[in-house]
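> Right, I'll just put the structure down here and ask away after.
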Amino acid sequence: MSNETFFWKLLSRKIAGEATEQELKELEEILIGNPYWQMLYNEMHKKTATGDIQETEAHQAYAAHAVKMQIQGKFNSPSILPAYNVGKNKSVKRNTFLAIGAAASIIVAALIYGMPYFEMKKQQPGSFNEIITKKGSKSNIRLPDGTQVWLNGGTKLSYSNDFIKNTREVDLVGEAFFDVSHDPAHPFIIHTNKINIKVLGTAFNVRSYPQDETVETSLVRGKIEVILKSRPDEKIILRPNEKLVVNNKSTKLEGKLRPLLQEGLATVTIKSVTPLAADSSILETAWMNDELAFFNKTLEQIALDLERRFNVLVIFEDEQVKQYRYSAFFETEGVEEILSILSLSKKFNYNTEGKTIMIKK
């Protein structure tokens, strides 16, 4: 039995009230030697900020459920925090995340896309082509130069009919993953509302929804050059496994740009991408695998992802609930099941009428 499996077994027995004195002693020794597991243990057993008994019990009940799924091999240990080897078995599904704040808990679930659906509008010669992916679906296209593009729900990509004759340029509203064909003579440029991205040949993700608080570009391989539209003379170079985050409300550079592992106060920051599992997958491209993943996001931000994934409308009846924060990974559950799981961590209520979901405290 591996150390990890032994830890989850002991923790499960403690939560269930079945651990012997010897097992409790062994668990204590393991926690002393593993700061990450100690943090996870503390998160599972702490009381909520309000001290509400029912809410605390809900946290702990779901923590016990998470442990049970760990033992059954449903998912690996979280790898957001410093590394412990979770094994090389890629058939074991993804990590969950350690949630931040008073509402923290471990959440795991699943989600599935609807059937792909998109429109391609061809204009007259000399004008633009538009590819629009509807909410509730995603699509994959090949541009005239051979570049592969995956479009997330609620995304529009447009490019000129003269695309391959000069500079390869596209306009993006929404989220897309680009695997750009190498062509030094014809740079590939993506235009969004806040930034322009210039590449020769590389793979990266761009998220630029008008409704979101931020615009992000995450580099998987190669190198990209990012230019802020408000500061066209400044060029920012990203390295693999870095992402640039720009606040949608402002593009003022604050302080020195540098890689960050935590949330910063700067309007523009460079961060590390968020790893999901031992197979090198990352949170920023989870949507390509029909997965929904988020780390320390508000329920208001999560609602936008749910709208794009399930083609629903989410309405909040309470402003406070919008600011509840969650971290989670989903793969095959439906929207109501996702909301039900999230509400175990920080309590809220909801009801559904057709494709409209009302969320209240």
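> Go through (1) closer than 26 Å to LYS235 by Cβ; (2) open to solvent by less than 40 Å² (accessible area, probe 1.4 Å); (3) touching a residue at least 24 places away in the same chain (Cβ under 8 Å) one by one and return the number of the condition SER137 breaks.
For SER137, the exception is condition (1).
To keep it simple, each residue is scored yes or no on (1) at pLDDT below 90; (2) part of a strand (DSSP E or B); (3) open to solvent by 30 Å² or more (accessible area, probe 1.4 Å).
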{"residue": "ILE131", "(1), (2), (3)": "no, yes, no"}
{"residue": "ASP162", "(1), (2), (3)": "yes, no, yes"}
{"residue": "ASN166", "(1), (2), (3)": "yes, no, yes"}
{"residue": "GLU169", "(1), (2), (3)": "no, yes, yes"}
{"residue": "ILE190", "(1), (2), (3)": "no, yes, no"}
{"residue": "LYS198", "(1), (2), (3)": "no, yes, yes"}
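> Please enumerate the residues belonging to segment 202-229 that are outside any strand (DSSP E or B) and within 15 Å of THR269 (Cα to Cα).
Correct list: GLU213 only.
> Scan segment 313-349 residue by residue and report those that are among the aliphatic types (A, V, I, L, M), outside any helix (DSSP H, G or I) and modelled with pLDDT under 95.
If the condition is that a residue be among the aliphatic types (A, V, I, L, M), outside any helix (DSSP H, G or I) and modelled with pLDDT under 95, then ALA328 is the only one that fits.
> Okay, next question. Does SER158 meet the test of being open to solvent by 50 Å² or more (accessible area, probe 1.4 Å) and either hydroxyl-bearing (Ser, Thr, Tyr) or under 29 Å from LEU292 (Cα atoms) (or both)?
So SER158 fails the test.
> Return only the number of the condition from (1) in a strand (DSSP E or B); (2) open to solvent by less than 20 Å² (accessible area, probe 1.4 Å); (3) not aliphatic (A, V, I, L, M) that PRO232 does not satisfy.
(2)
> Name the single residue that is farthest from PHE348 (Cα to Cα) among those in segment 285-308 being in contact with a Ser or Thr (Cβ under 9 Å, 6 or more places away or on another chain) and open to solvent by less than 10 Å² (accessible area, probe 1.4 Å).
Of all residues in segment 285-308, those in contact with a Ser or Thr (Cβ under 9 Å, 6 or more places away or on another chain) come to 285, 289-291, 293-297, 308.
Remaining after also requiring open to solvent by less than 10 Å² (accessible area, probe 1.4 Å): 291, 294.
Working: GLU291: 23, PHE294: 19 Å.
The extreme case among them is GLU291.
The values are calculated or read from the model by the stated rules, or taken from the named source; none is laboratory data. Because the structure is a prediction, the values reported are computed rather than measured. Here Cβ is always computed from backbone atoms with ideal geometry, including for glycine, and neighbour counts include all displayed protein chains. What goes into the accessible areas is simple: the full protein's heavy atoms, side chains included, and nothing from ligands, DNA or RNA. Shrake-Rupley method; radii C 1.70, N 1.55, O 1.52, S 1.80 Å.
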